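Q: So that we are looking at the same thing, I have put the structure below in structure tokens.
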Amino acid sequence: MAIRIDELYETDFYVWTQRQAKALRRLAETRPNVDLDFPHLIEEVEDLGTSQRDAVRSQLRPIIEHCLKLEYALSPDLQGGWYDSILDARAELDDKLSPSLRHDLEPHLPRLWAQARSKALNSLRRFAEPDAAERLPADCPYMLEDLLSDGWYPANRRGLPDDR
């Protein structure tokens, strides 16, 4: 069953923007006698979707980064802030994540992982935890579903009690 365009706007904004841009292109090709700046209008509609997609990707990076720090950092002093950051990013994602954007994250997870790992590595070294930095895995050990799930946090690999 096809989803109506007004329903798509509410359920998957990113796909809505892509379809609207495509429809505007088709309309522009007919050269209607209307006072619309089709090239810029199409670009702006596409940019709305791209901004939504980029916002979703940018929220996944701090989730990964702070999961790594929770899992590998020895000092528990900053854990509360890392949990808060993960909760904030997941709340932002809850507002923006649509089925198509969730699907978009999977192929980009390795790149997002590398960026978040690099940030975690620098942060751990700055917190004088070079051993923790060196233990960070080269490849992402987390499932996307786990990273996006409220209440999921990585296992404690520090050898310390997990006092969430």
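No lab work stands behind these numbers, since they all come straight from the coordinates. From a predicted model like this one, the values you see are computed outputs, not experimental measurements. Heads up, the Cβs are rebuilt from the backbone with ideal geometry, glycines too, and the neighbour counts pull from every protein chain shown.
Q: Going Cα to Cα from residue 22, which lysines come in below 27 Å? Please leave out same-chain ones fewer than 8 positions away.
A: Once the sequence-local lysines are set aside, what remains near residue 22 is 96.
Q: When the convex hull of the Cα atoms of the range 84-146 is projected onto a plane and the area is averaged over all directions, what value comes out in nm²? Don't skip to the end; give the middle numbers.
A: Values: hull surface 19.4 nm².
Value for the range 84-146: 4.9 nm².
Q: Would you work out which of 113, 89, 27 lies farthest towards the positive end of the dipole of the range 1-132, given +1 charges on the beta-carbon of Lys and Arg and -1 on that of Asp and Glu, about the Cα centre?
A: Projecting each Cα onto the dipole axis, the largest value belongs to 113.
Q: With unit charges on the beta carbon (Lys/Arg positive, Asp/Glu negative), name the residue among 122, 59, 79 whose Cα is farthest towards the positive pole of the charge dipole of the range 5-148.
A: 122
Q: While we're here: Take the alpha-carbon positions of the chain, form their convex hull, and give its projected area averaged over all directions (one quarter of the hull surface) in nm². Working shown, then result.
A: On the way: hull surface 48.8 nm².
Projected over every direction and averaged, the Cα hull of the chain covers 12.2 nm².
Q: Right, another one. Enumerate by residue number the trypsin sites (Lys or Arg not before Pro) in the range 1-84 meeting two conditions: DSSP loop (anything except H, G, I, E, B), and at most 13 other Cβ atoms within 10 Å of the site's Cβ.
A: Working: sites: 4, 19, 22, 25, 26, 53, 57, 69; in loops: 4.
Taking the range 1-84 and a limit of 13 other Cβ atoms within 10 Å, the loop trypsin sites (Lys or Arg not before Pro) found are 4.
Q: Here's a follow-up. At a Förster radius of 41 Å, what calculated FRET efficiency corresponds to the Cβ-Cβ distance of residue 44 and residue 145, to the nearest 0.05?
A: Details: r = 33 Å, r/R0 = 0.81.
Taking R0 as 41 Å, the efficiency between residue 44 and residue 145 is 0.75.
Q: Residue separation times 0.36 nm, minus the C-alpha to C-alpha distance between residue 37 and residue 125: what's the value?
A: Net length gain for the segment: 26.5 nm.
Q: Dipole magnitude of the chain about its Cα centre, charges +1 at Lys/Arg Cβ and -1 at Asp/Glu Cβ only, in debye to the nearest 20? Spell out each step's value before the answer.
A: Numbers: 22 positive and 31 negative charges, 109 e Å.
With Lys and Arg at +1 and Asp and Glu at -1, about 520 debye.
Q: Between residue 88 and residue 19, what is the label-to-label distance in nm when each label sits 7 Å out along the Cα-to-Cβ direction?
A: That separation, rounded to one decimal, is 3.5 nm.
Q: For every helix of n ≥ 4 consecutive DSSP H residues, a contribution of -39,500 (n - 2.57) applies; sum these over the chain, divide by its total residues, and give [θ] at 222 nm rounded to the nearest 500 deg cm²/dmol.
A: After summing the helix terms and dividing by the residues of the chain, the value is -23500 deg cm²/dmol.
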